[in-house]
Each structure stands twice: as C-alpha cells, then as structure tokens.
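What follows is a single structure, written as structure tokens, with notes after it.
Quick note: the coordinates plus some simple rules give every number you see, no bench work behind them. All values derive from a computational prediction rather than experimental measurement. FYI the Cβ positions are ideal-geometry reconstructions off the backbone, even for glycines, and counts take in every protein chain you see.
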Amino acid sequence: MLLLPGVVHPSEQADFARLAEPNGRAGSGVGKRGATVNDADVTTANDPAERARIRAAESRIEFAVSGAFTILVAGTLAYVHNLFVDIVPLARLWTWTGLVLIAIAVLVAIPLAVVLRKPSDAEIMAVWSPLGKFAAILFDTAVGASVWLLLPYASEPLRLLMVVFYAACVSGQVISTAESLGTIVFAVVSIFGSAALFFVMTPGPYSTGLALFLVAFGALMIGVAATLKVAIRSAIAARLAAEAISLDLAAALDAATEARRAKTRFIAAATHDLRQPLQAAALFFNRIAARQPAGGDATVVNARLAFAEAAGLLDQLLEHLRLDGGMIKPNVGKTSLADILPRVCAEVAEIAAVSGFAISRASCGAAVAADPTLLVRILRNLLHNAMRHSRGTRILVGARRRGASIRIYVVDNGRGVLAAQAATLFDDIKPIGADPIGHKGVGLGLPSSRRMAELMGGSVGIDAAWRHGAAFYCELPMTKAD
C-alpha cells in the first residue's frame with residue numbers, strides 16, 4: 001500500500017484506508033466532388049475537362065500495358081518468321097517481317113516517349129492518343145497481312161497454330177487498348193475477318209469450323225472490349241474523384257488547422273491582456289481590504305475568491321486552447337510524488353483557506369512516468385474543481401497502487417457527483433454546476449486534465465466506489481523508485 005501516515009487528520013485515516021483496499025469497496029457515490037462512381041459518371045458526362053482527364057489517364061495506362069505486350073509479341077513474331085523461313089519465298093517473307101518490325105518499333109517508341117516526355121492531358125489527347133491508335137492499326141495490318149502472305153504456304157497444322165497466334169494478338173490488344181473500341185473492331189476485322197475469309201476460300205477438313213470459330217471469337221472480343229472500356233473508365237473516374245476529394249480534404253484540414261492556430265493565438269493574446277487589469281484590480285482591492293477591521297467580512301472573502309477564480313479560468317482557457325492546437329508536448333520522465341504532492345498542496349493552500357477548505361495529504365514515495373509540469377497542472381485542476389463544485393470542507397490528497405500504475409486521488413467530502421453527470425464529466429466545455437459562490441462553471445479543468453494525462457499515457461477519472469463525496473484520480477504508469 002502506498003498511502004503512508006503523514007499530515008492527515010486522524011479522522012481521515014479510515015477514508016484513505018478504504019482507498020487502499022484491494023477491491024476498493026467504499027459504496028457508490030457516483031454513479032465537393034462526387035465520392036461515388038455514379039456521381040463521378042454524372043460529372044464525367046457533363047464536364048468535358050473531366051472527360052479529357054479520364055481519357056488521358058486511360059491512354060497512359062494503355063501505353064504502359066501495350067509497351068510490355070509488344071515486347072512479348074515481338075518474340076512470338078520472330079518464332080513465326082522462323083517457322084516460315086523454309087517454305088515461303090524470302091522476298092514475300094521479308095516483306096511481311098519488315099512490316100511487322102516497323103509496327104513493333106512504333107509500338108515500343110510511343111510508350112517510351114510518353115514515359116520520358118510526361119506530356120500533359122491535353123497533349124496526350126491531341127497527339128499521343130491518335131499516334132497510339134495509328135500504331136495499333138499498323139500492327140493489325142501487319143498481322144492481318146500474314147493471312148495472305150504466309151498462310152497459302154502453310155500446312156494444315158501450321159494454319160491451326162497461326163489461328164492460335166491470331167487469337168493471342170487480338171486478345172492482347174483487347175487487354176492493352178480496350179479504351180479504343182474502334183481499333184479493337186479494326187483488329188477483329190483485319191485479322192479474324194481475313195483469316196475467316198481465307199478459310200472459306202481454301203477448302204480443308206477444318207476450314208468451315210475455323211471460319212465460324214474466328215467469327216464467333218471476334219464478336220466475343222468486341223463484347224469483352226466494350227465491357228472492359230466501361231469498367232476501366234468507371235474505375236479511373238472513381239480514382240480521380242477520390243484523389244480530388246483527398247486534395248480537397250487536405251486543403252480543408254490545412255485551413256482548419258491554421259484557423260485553429262489563429263484562434264489560439266488571438267485568445268492567448270486576449271487572455272494576457274485581460275490578466276493585467278485583473279491583477280491590477282486584485283492588487284487595489286487587497287490594499288483597500290487591508291484597511292478594514294481585523295477579520296474582515298464575507299464580502300472581502302468572496303471578492304478575493306472571485307479574483308482567484310477569474311485568474312484560474314483564464315489559465316485553464318489558455319491551457320485548453322494550447323491542447324487543441326497541439327502545442328503541448330510532454331517530456332515524460334521519472335517523477336517522484338514525494339516532490340509533487342507537497343508542492344501542489346502548498347500552491348493551492350491560500351485559495352483553499354479563502355474558500356473554507358482544509359487540505360490534507362498522505363505521504364507517498366512512489367515514482368510515476370510523467371511530465372512534472374503537466375502532472376502539477378492536472379492535480380491543481382482537480383483540487384480547484386473540488387473547491388469550486390463539491391460544497392465540502394475537506395480535501396484529501398493521496399495515492400494507491402493499481403497493478404503497474406499509480407492512482408493519485410483528490411477526494412472531497414462534498415455532495416458527490418450523480419451517475420448521470422459522471423458519464424459526461426470530462427467532455428469538453430461541459431457545464432457541471434454551480435461553484436461555492438453560486439456561479440456556473442463550464443468545466444474546462446477536467447477535460448484539459450484528461451487530455452494532458454492521455455498525452456503521458458495515463459488517464460483521469462472519477463472513482464465510482466467512493467461513497468462520501470467524490471474521488472477524482474489521475475492514473476499514470478509507475479516507475480521504480482531509487
């Protein structure tokens with residue numbers, strides 16, 4: 001047990017003993033842009049600039065895919081050349097191979113130029129996209145020409161192999177250039193149409209079946225390309241909309257952060273300006289009060305309390321704003337409660353005497369992981385809260401161990417806290433009742449204390465097991481004592 005006999009009134013030892021019970025049984029005293037694909041589609045339909053962005057994005061994707069596809073096809077075309085080198089006249093074979101090489105060179109050069117130049121969306125649409133379509137048509141023409149230049153010399157098995165090659169070329173083009181439905185149709189007509197016509201004109205055991213297969217497969221490829229075009233365009237539109245929303249949110253966040261910082265600076269300056277006349281008024285009042293007969297009266301006491309409360313409220317307001325602005329950075333280290341508790345009690349002793357409170361504390365030699373400055377602020381806030389709102393006469397300050405943590409308690413003998421109030425007691429700027437001289441409080445101290453404790457890896461709360469008054473606590477990780 002960490003609560004040790006100290007400067008605690010004998011009648012209060014039993015109260016702290018209950019805090020140290022393992023189960024803590026003491027009764028209960030408290031109880032802008034479219035964010036969806038559909039919206040993006042509507043925006044696209046009505047905004048030419050947005051359509052240009054989407055199509056330029058599609059073209060960039062297609063350039064990247066078609067460049068990789070062309071390198072793969074180049075190896076296949078070299079294999080086809082070797083298949084026919086012994087059976088096709090060389091002039092005819094090299095005519096076809098030269099046409100294919102030109103098409104491949106163009107298909108590789110255009111994506112490479114786009115990567116190196118990084119053209120704008122407008123340049124993509126005006127120059128590079130038409131060039132890409134021209135390159136695709138040139139490639140389809142070269143592949144389609146093989147039907148008339150090479151197939152007449154091929155055996156039946158070789159013709160079947162060429163059909164597989166044609167299917168691969170058209171399928172690859174559907175994947176890499178689905179956005180350009182016109183070039184897909186041209187590829188199907190120039191390659192599959194030519195091959196189907198060749199098989200119809202060249203009787204053989206598989207000619208009719210191959211012709212029908214090519215026609216059906218070509219129609220399927222056109223349908224797949226149309227479906228892919230819609231899916232890709234919708235995906236790109238959604239991505240661009242998400243990027244736009246992200247930029248808008250980032251800009252809004254920056255604006256909100258700057259506005260919050262400006263508010264913090266303004267109120268900090270106002271707080272400083274308000275504190276000066278307040279301090280001057282308190283000084284003048286104390287000089288006048290010193291001339292009164294010994295003992296004074298309740299008016300003097302309440303006036304001094306009001307000055308102290310006003311100064312404390314300004315401090316809490318500034319503290320709350322600094323927390324909002326992320327300006328408080330804890331320097332957590334080993335902090336001895338034997339140094340902190342006497343210091344805090346001494347700091348509030350004067351206002352406690354004016355408020356009619358007797359403060360007692362239990363000695364504690366434990367150490368916690370905390371920022372000493374923030375811990376002092378938290379305990380000071382808890383003490384001020386008790387003096388303002390408890391309507392009691394005594395406050396106990398002590399601590400007890402809970403596993404690997406230490407709970408530092410501020411316990412009063414006042415009216416307690418209702419369970420309905422306890423649930424929202426630490427909400428920001430929450431009215432929590434009247435103070436000893438009848439003024440309503442806005443509860444800045446408790447929310448600020450909670451946030452400061454969380455910055456240090458701890459917590460602030462109210463012990464529901466306390467029966468006589470209210471028991472607020474700050475719980476922090478314990479460290480080993482020296």
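What the table shows:
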| item | result |
| --- | --- |
| Cβ crowding within 10 Å averaged over residues, with 119-126, 453-460 ranked highest first | 453-460, 119-126 |
| Phi-based couplings in Hz for the range 116-124 (Karplus 6.51, -1.76, 1.60; Gly and Pro marked x) | 6, 7, 6, x, 6, 4, 5, 5, 4 |
| Amide hydrogen neighbours beyond the local backbone of ARG394, cut-off 5 Å, H modeled | ALA358, ASN413 |
| Amide H contacts under 5 Å for SER363, placed H, 5+ residues apart | LEU4, GLY6, VAL7 |
| Extension gain from SER246 to VAL230, taking 0.36 nm per residue of separation minus the Cα-Cα distance | 3.4 nm |
| Ordering of 356-363, 472-479 by packing [mean C-beta count within 10 Å, highest first] | 472-479, 356-363 |
| FRET efficiency, 1/(1 + (r/R0)^6) with R0 45 Å, evaluated for ALA262 and THR393 via beta carbons | 0.55 |
| In sequence order, calculated HN-Hα J values of the range 84-94 (Karplus, 6.51, -1.76, 1.60; Hz; x Gly/Pro) | 9, 5, 9, 10, 10, x, 4, 4, 5, 5, 6 |
| Gained length - ARG239 relative to LEU161, 0.36 nm times residue gap less alpha-carbon distance | 24.0 nm |
| Fewest-first sequence of MET201, MET387 by Cβ atoms within 10 Å of each Cβ | MET201, MET387 |
| Vicinal HN-Hα couplings computed from phi for the range 371-385 (Karplus, 6.51 cos²θ - 1.76 cosθ + 1.60; Hz; Gly/Pro x) | 8, x, 5, 5, 5, 4, 4, 4, 5, 4, 4, 5, 5, 5, 4 |
